[in-house]
Amino acid sequence: MKVLVANLGSTSFKYRLFEMSAGEEHVLAEGGYERVEDYGAVINDALDTMEKGGAVSSRSEIGAVGFKTVLGRNLSGCVDADEKVLEALEGFAEVAPAHNPAYAAGIRQFREILPSARAVALFETAFYQWVPEAATRYAVPESWHAAGIRRYGFHGASHKFIAERSAELLGRDDVAAVARGLYQSGPREVGQPLRVVSCHLGGSSSVTGIRYGAAIGTSMGFSPQSGLPQNNRVGDLDSGAIPYAGKALGLSMADMERQLTKEGGLLGLSGISNDIREVKAARDAGDEKARLALDVLVHETRRWASSFLFSLGGLDAFTFTAGIGENNPWLRSAVCEGLEEFGVKIDPERNEACKGVEAEISAADSKVKVYVIPANEELVLAREVFRKLTAN
Ligand code: ADP
């Protein structure tokens, strides 16, 4: 079956077409568009390109389209991308303004342009459905909780891939099988506990604790605005700062929202860029604000990782993924510094040599395995969509 995975940003569209069967999975085509104004036009162009390039002889061969939807009001999991999904995305559009409107628009366009393909949504929150309540609940009045204000967690597809792949790399095929079938069969404890802390560090970042292949908690909370400082989003911020900043700086709610989503994070801290390569170059040239920006990112990554180390009661693997985690040995080394007491010891040469590829970067005598695992969210999507379509 041909499964198309559609990745929709507020001004971008990326796709990857997979051939999926019970025993085999491979990529037939991929591509993307930046500065998108009209999703319909680029979707048609992508389908034309796949036909002309021979990936499909006709677009009607595509059996399903998978969408990595972020946050739905009262909805999660892997579900048909129907009216209920559109309502759920629109119901939380303000909470995920960079993501939800783009997915709602893209799903509508696909259903019109490619009605023969089944549209399936896999919510990024799905990986967190078994997180213990104590780790999802904010200490807010009951009415806030009833309005849906709780920790949800994001980057679910990415951390799920890490759960599967780290278990395989550790030789724990039993846990890898549980992680793969999580959305069909739920979590299960098999053999000795397997404890992983997964750092997804990229354009947006999160740290997740994983036990027996299922999440026990994550740094992102109610919105993708929380947790670690991100490219240009603020990350965790004391709720008392919002009303105070409004008065002290004379900012409207809209000003504050814009500044915290577009002018915060690495960009806000460094005043230079939202791209870690440029911030690092400035730091190396002696810029103090750039140094502080990177120190904050490292500090926050360690703060979250350490909280899961306690919750898990120990660690078997510590992993790095996504654009920043895969490509910046200096940052991995800073995050792991001084953790030998906890069993984490990096091999400097292995670490330095690893950029954008899968590798073990721990020292031979490190009790905890440290891995770099390239993100593969699209594959998780394609597999879930294929499982859903072959199950019913
Ligand atoms: P997104 O979360 O938008 O999918 P990515 O996971 O691709 O983003 O991460 C993008 C970020 O990763 C960039 O902003 C940049 O900071 C960093 N990055 C990407 N490629 C490299 C590289 N080759 N070297 C260093 N940093 C990189």
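The values are calculated or read from the model by the stated rules, or taken from the named source; none is laboratory data. Values in this document were obtained by computation on a predicted structure and should not be read as measured data. Virtual Cβ from ideal backbone geometry, glycine too; neighbours counted across all protein chains shown. All accessible areas refer to the heavy atoms of the entire protein, side chains included, with ligands and DNA or RNA removed. Shrake-Rupley method; radii C 1.70, N 1.55, O 1.52, S 1.80 Å.
Dipole magnitude for the range 308-380: about 60 debye, using +1 per Lys or Arg Cβ and -1 per Asp or Glu Cβ, origin at the Cα centre. Of the trypsin sites (Lys or Arg not before Pro) found in the range 1-40, those in coil by DSSP whose Cβ has at most 14 other Cβ atoms within 10 Å are R35.
Between the range 128-194 and the range 346-384, the C-alpha centres lie 20 angstrom from each other. Of the residues I361, I272, A305, the one whose Cα sits farthest toward the positive end of the charge dipole of the range 256-379, with +1 on the Cβ of Lys and Arg and -1 on the Cβ of Asp and Glu, is I272. Protein heavy-atom accessible surface, 1.4 Å probe, per residue over the range 117-192: 43 Å². Beta bridges per DSSP, both residues in the chain: antiparallel share near 65 percent.
Spacing of the modelled spin labels on D45 and A241, each 7 Å from Cα toward Cβ, amounts to 3.9 nm. Projected label points at E337 and E112, each 7 Å from Cα along the beta carbon direction, are separated by 5.4 nanometres.
By the rule of a C-alpha distance below 21 Å, with chain neighbours fewer than 8 residues away ignored, the lysines paired with K52 are K2, K14.
Ligands, DNA and RNA left out, the accessible area of the range 189-336 computed with a 1.4 Å probe is 54% carbon and sulfur. Volume per residue of the convex hull around the Cα atoms, evaluated for the chain, comes out as 155 Å³. In the chain, the DSSP-assigned H stretches of four residues or longer account for a calculated mean residue ellipticity at 222 nm of -12000 deg cm²/dmol, using -39500 (n - 2.57) per stretch and the full residue count as denominator. Were the residues from K345 through V140 laid out at 0.36 nm apart, the gain over their Cα-Cα distance would be 69.8 nm. Assuming a ≥ b ≥ c are the square roots of the Cα gyration tensor eigenvalues, decide whether the range 1-87 counts as rounded (a/c under 1.5), prolate (otherwise, with a/b larger than b/c) or oblate. Cα axes put the range 1-87 in the oblate bin. Averaging the sequence gap over all C-alpha pairs within less than 8 Å and six or more residues apart, then dividing by the number of residues, gives the range 300-354 a relative contact order of 31 percent.
Take every Cα pair under 8 Å whose residues are at least 6 apart in sequence, average their separation, divide by the length of the range 66-117, and the relative contact order is 35 percent. Using equal-weight Cα scatterers in the Debye expression, the normalised intensity of the range 350-392 in log10 at q = 0.23 Å⁻¹ is -0.76. What relative contact order, as a whole-number percentage, does the range 237-325 give when Cα pairs under 8 Å and 6 or more residues apart are counted? RCO, the range 237-325: 16 percent.
With a Förster radius of 22 Å applied to the C-beta separation of K262 and E288, the computed FRET efficiency comes to 0.40. Rolled with a 1.4 Å probe across the full set of protein chains, the surface gives W130 an accessible area near 90 Å². Excluding same-chain neighbours fewer than eight residues apart, the lysines reachable from K345 by a Cα-Cα span under 17 Å are K367, K369. Here the range 1-152 is assigned +1 on the Cβ of each Lys and Arg and -1 on the Cβ of each Asp and Glu. Its dipole about the Cα centre then comes out at about 300 debye. Roughly how many percent of the accessible protein surface of the range 102-164 is carbon and sulfur, given a 1.4 Å probe and a whole-percent answer? Looking at the range 102-164 in its full context, I get 55 percent from C and S. The fraction of Cα-Cα pairs per 10 angstrom bin, counted from 0 for the range 223-303, comes to 20, 46, 28, 6 percent, rounded to whole percents. Taking a sphere under 10 Å around the Cβ of M220 and counting the other residues whose Cβ falls inside, with K and R at +1 and D and E at -1, yields a net charge of -1. With R₀ fixed at 51 Å, the C-beta to C-beta distance from V357 to S57 puts the FRET efficiency at about 0.90. Note on the range 101-122 and the range 265-309: Cα centroid distance 37 Å, given to the nearest whole angstrom.
Less than 21 Å apart at the alpha-carbon level, and either on another chain or at least 8 residues along: which lysines does that give for K289? By straight Cα distance, K289 reaches K262, K280.
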